[in-house]
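> My structure is below; once you've seen it, I'll send some questions.
The values are calculated or read from the model by the stated rules, or taken from the named source; none is laboratory data. Fair warning: this is a prediction, and the values are worked out from it, not measured in the lab. Glycine gets a Cβ as well: all are built from the backbone with ideal geometry, and neighbour counts include every protein chain shown. The area values use the complete protein model at the heavy-atom level, side chains included, leaving out ligands, DNA and RNA. Shrake-Rupley method; radii C 1.70, N 1.55, O 1.52, S 1.80 Å.
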Amino acid sequence: MTIRTQSKAIGTAPNPNPERRWSNELSRGRVPGPRLPQQRIVGDEAGFGTVCVHAGTYEDEATGAAAGTIFQTTTFRFSNNSYESFSQGITRDVPIYTRYGNPNQWVVQEKIATLERAESCCVMSSGMAAIFATLLAVTNRGGHIVSAYDVYGGTYDLLKEIHQLGRSVSFVEPTSISDIENAITKDTQVLYFETLSNPLLKAIPLDELGKLARSRNVLLVVDNTFLSPLYCTPITHGADLVIHSGTKYLNGHSDLVAGAVSGSRKYIDRIWQQSLRTGGTLDPTACFMFERGLKTLEVRMLRQTENAEGLAAFLDGHPCVSRVHYPTVKDYPYPWVEQYCKGGYGGLLSFEVVGGDEAAMRLVERLRLPALATSLGGVESLVSLPFNTSHSALTLAQRTRIGIMPGLVRFSVGIEHLQDLVDDLDSALRASQESQP
Ligand SMILES: *Cc1c(COP(=O)(O)O)cnc(C)c1O
């Protein structure tokens, strides 16, 4: 395992030969980063938990601070390198102005890029900021996108409106490789899918999608929010770009809104440029908190997954539950999920309560531990009802058609003691079956 602080400065190294272009020094588009010489770089062979804790850490030589440093500044003193980067239009690797880049962003980016097996990463002010900048950067006017009708609600809304920016979209069934292939046209530039869908945990044919993207010369963009890089690294399955709502598992404490996109330096530079225009930069202190959250990603995710598996098994046999949606239950309909998930499926599950939406309402009112709230991925369990939140715009018939059946409850499992969650759910489920006075 190699852990090192870079010996050669990128961006701050003195230029030994002023005749040579600064961009050649950097071999722009080919180096990972941006990185500062004070950042820890962790080799690919390191274990997941080691990367979570150490990758990207800023080592402050002056103080030896173990927990990093917050660079709460909007701007940085000019250096020769900043002037050179201006004159050559290359400003991503030099601290100049925080909308362009800040060491705290670079710390988080280095960590996420290492976790996702990517050359480079760009963090942004929300998952949607990352999705918007990405789609705008890797398509152009007249371009076509193939995606799923049941992607995350905010993404669906963006895709529905993106025709205003001259892009068109086909929505297909994300589990069917032939539907996806048939939707590709000569104008298609991007395939956009999620590693597990919300709230039914549908799995995509990820490896076939990677091959399809390659053979049709289009980019595969994958939202990996639900699985996190602990269970899936889409780039190793052929994805070009991986998106996260950092708000969910990556930060994991329901106290920060952030987004990230990772991939080759070539594409991330382009996306970064797009994000400069829309201003979706992530504040330095938010980056510092994001880094802190990421350090415990593995331990949180392992516990959430263990709890989710336990709850899924408990619910699967429960007389008040008609169906459980989670990859470990016996009638899970997408067995190919095992091809790209290694070791687990994360902390989100959903289930149908006997008695439909009214029983589900009674259930969530009786639960004591989980808050009734949207969002997911935090250390605290959260529960929500798709019929009156994420999918409330659909009619009952439309919901049924996409598989959102009456009584569906979405449960984001936290790191609480499993038996406490089981007991809470058990008594609330029984109470849900009593009809209202
Ligand atoms: C929450 C979420 C998003 C959007 O992220 P924000 O940080 O809320 O902007 C995108 N994709 C998925 C799968 C999500 O769960």
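> Looking only at residues in segment 108-156 that are open to solvent by 10 Å² or more (accessible area, probe 1.4 Å) and among the basic types (Lys, Arg), which one is nearest to the ligand (Cβ to nearest atom)?
That would be Arg117.
> Now for a separate question. Could you say which residue among Ser432, Ser375, Ser350 is within 16 Å of the ligand (Cβ to nearest atom), in contact (Cβ under 8 Å) with a residue 24 or more places away in the chain, in contact with a strand residue (DSSP E or B) (Cβ under 8 Å, 6 or more places away or on another chain) and farther than 18 Å from Glu309 by Cβ?
When all the criteria are applied, what remains is Ser375.
> Moving on. If you scan segment 198-213, which residues turn out to be open to solvent by less than 10 Å² (accessible area, probe 1.4 Å) and within 11 Å of the ligand (Cβ to nearest atom)?
Pro199
> In addition: Out of segment 70-86, which residues are touching a helix residue (DSSP H, G or I) at 6+ places or on another chain (Cβ under 8 Å) and at pLDDT below 95?
Result: Asn81, Glu84, Ser85.
> A further question on this structure: Since Phe387 meets every condition but one in (1) surrounded by 15 or more Cβ atoms within 10 Å (Cβ to Cβ); (2) at pLDDT 95 or above, which condition does it not meet?
Unmet for Phe387, out of (1) surrounded by 15 or more Cβ atoms within 10 Å (Cβ to Cβ); (2) at pLDDT 95 or above: (2).
To keep it simple, each residue is scored yes or no on (1) open to solvent by 10 Å² or more (accessible area, probe 1.4 Å); (2) charged (D, E, K, R); (3) in contact with a helix residue (DSSP H, G or I) (Cβ under 6 Å, 6 or more places away or on another chain); (4) farther than 24 Å from Glu116 by Cβ.
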site	(1), (2), (3), (4)
Asp316	yes, yes, no, yes
Thr328	yes, no, yes, yes
Tyr334	yes, no, no, no
Tyr345	yes, no, no, no
Glu352	yes, yes, no, yes
Asp357	yes, yes, yes, yes
Ala360	no, no, no, yes
Leu363	no, no, yes, yes
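> Looking at (1) within 21 Å of the chain's Cα centre (by Cα); (2) at pLDDT 95 or above; (3) more than 16 Å from the ligand (Cβ to nearest atom), can you tell me which one Ser322 breaks?
(1)
> Same structure, new question: Please work out which one of (1) in contact with a helix residue (DSSP H, G or I) (Cβ under 6 Å, 6 or more places away or on another chain); (2) surrounded by fewer than 22 Cβ atoms within 10 Å (Cβ to Cβ) is the condition Arg216 fails and give its number.
Unmet condition: (1).
> I need a count of the residues in segment 265-279 that are buried (at least 24 other Cβ atoms within 10 Å of the Cβ) and within 14 Å of the ligand (Cβ to nearest atom).
Summing the residues that are buried (at least 24 other Cβ atoms within 10 Å of the Cβ) and within 14 Å of the ligand (Cβ to nearest atom) in segment 265-279 gives 1.
> Of the residues that make up segment 348-362, is at least one in a helix (DSSP H, G or I) and touching a Ser or Thr at 6+ places or on another chain (Cβ under 6 Å)?
Yes, because at least one residue in segment 348-362 is in a helix (DSSP H, G or I) and touching a Ser or Thr at 6+ places or on another chain (Cβ under 6 Å).
Matching residues to (1) within 16 Å of the chain's Cα centre (by Cα); (2) more than 16 Å from the ligand (Cβ to nearest atom); (3) at pLDDT 95 or above:
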site	(1), (2), (3)
Pro234	yes, no, yes
Ile243	yes, no, yes
Gly259	yes, no, yes
Gly263	yes, yes, yes
Gln304	no, no, yes
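> Here is a follow-up. Being among the hydroxyl-bearing types (Ser, Thr, Tyr), surrounded by fewer than 19 Cβ atoms within 10 Å (Cβ to Cβ), out of contact with any Lys or Arg (no Cβ under 6 Å at 6 or more places or on another chain) and touching a residue at least 60 places away in the same chain (Cβ under 8 Å): is that true of Ser85 here?
no
> Only residues in segment 42-67 that are among the small types (Gly, Ala, Ser) count as the first member; pair them with residues that are in a strand (DSSP E or B) and crowded, with 16+ Cβ neighbours inside 10 Å, Cβ under 6 angstrom, at least 6 apart or cross-chain, and list the lot.
Ala55/Val42; Gly56/Gln39
> Leu282 fails exactly one of the following numbered conditions: (1) closer than 30 Å to Leu136 by Cβ; (2) open to solvent by 30 Å² or more (accessible area, probe 1.4 Å). What is the number of that condition?
Condition (2) is where Leu282 drops out.
> Within segment 287-302, how many residues are touching a residue at least 60 places away in the same chain (Cβ under 8 Å), farther than 30 Å from Tyr326 by Cα and within 16 Å of the ligand (Cβ to nearest atom)?
Matching residues across segment 287-302 total 1.
> Going through segment 363-399 one residue at a time, which ones are assigned to a helix (DSSP H, G or I), out of contact with any Lys or Arg (no Cβ under 7 Å at 6 or more places or on another chain) and not polar (S, T, N, Q)?
Selection gives Leu363, Val364, Glu365, Arg366, Leu396, Ala397, Arg399.
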